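Undergrad: Below you'll find the structure I mean.
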Amino acid sequence: QVQLVESGGGLVQPGGSLRLSCVASGSIFSINAMGWYRQAPGKQRELVARIVTGGSTNYADSVKGRFTISRDNDKNTVYLQMNSLKPEDTAVYFCNADLWSVAGTWYDDYWGQGTQVTVSS
């Protein structure tokens, strides 16, 4: 069994910062890519940022220069540092991973349960 558990969400004022964390645990053999997606009410889930094992990253245009994704491979953990937050960043943020389990199963798009981020004054 594999789990992705997010933490770090909350309520923050515009211009503020939050740091999200996601820990992958369980019967994991290796993780290829990890990333963050978000879904606002009434909208489709969208990619925020993604990082692969070698360290390459990609970001949604709307967060470039404000958000930074990083990863600790030894801890199977991915982080999202969010600065200069805007009300339009309000959403549920989901952790995502592409990974191999110990049993040899490939999981393309394994999801966490999400953490709420609310940006409001």
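Undergrad: For a quick check, take a GNM of the chain with Cα springs below 10 Å and name the residue from Phe29, Phe94, Phe67 with the largest mean-square fluctuation.
TA: Evaluated over the chain, the most mobile residue of the options is Phe29.
Undergrad: Post the alpha-carbon centroid distance, the range 46-61 to the range 11-25, in whole angstrom.
TA: Taking the Cα centre of the range 11-25 as reference, the centre of the range 46-61 is 16 Å away.
Undergrad: Relative contact order for the chain: what percent, with Cα pairs under 8 Å and sequence separation of 6 or more? Working shown, then result.
TA: Values: 307 pairs, mean separation 43.5, N = 121.
Normalised by residue count, the contact order of the chain is 36 percent.
Undergrad: What is the magnitude of the charge dipole of the chain about its Cα centre, with +1 placed on the Cβ of each Lys and Arg, -1 on the Cβ of each Asp and Glu, and no other charges, expressed in debye to the nearest 20?
TA: Details: 10 positive and 10 negative charges, 56 e Å.
So the dipole magnitude of the chain works out to roughly 260 debye.
Undergrad: May I ask you to compute the full-extension gain from Thr68 to Gln44, defined as 0.36 nm times their residue separation minus their alpha-carbon distance, rounded to one decimal in nm?
TA: Numbers: separation 24, 0.36 × 24 = 8.64 nm, distance 2.19 nm.
So the extension gain works out to 6.4 nm.
Undergrad: For labels at Gln113 and Gln1 in the simple 7 Å Cα→Cβ model, what's the distance in nm?
TA: Result: 1.2 nm between the two label points.
Undergrad: Springs between alpha-carbon pairs under 10 angstrom, Gaussian network model over the chain: which of Lys86, Lys64, Lys43 fluctuates most?
TA: Sorting by GNM fluctuation, first place goes to Lys43.
Undergrad: Take peptides 54-63, 16-25, 30-39 and line them up by average Cβ neighbours within 10 Å, highest first, as a rough protection proxy.
TA: On the way: 54-63: 12.5, 16-25: 17.3, 30-39: 20.1.
Answer by packing, highest mean first, reads 30-39, 16-25, 54-63.
Undergrad: Turning to a different aspect of this structure: Less than 16 Å apart at the alpha-carbon level, and either on another chain or at least 8 residues along: which aspartates and glutamates does that give for Lys75?
TA: Output for Lys75: Glu6, Asp98.
Each value in this text was obtained by applying a stated rule to the coordinates, not by laboratory testing. Here the structure is a predicted model, which means the values were calculated and not measured. Virtual Cβ from ideal backbone geometry, glycine too; neighbours counted across all protein chains shown.
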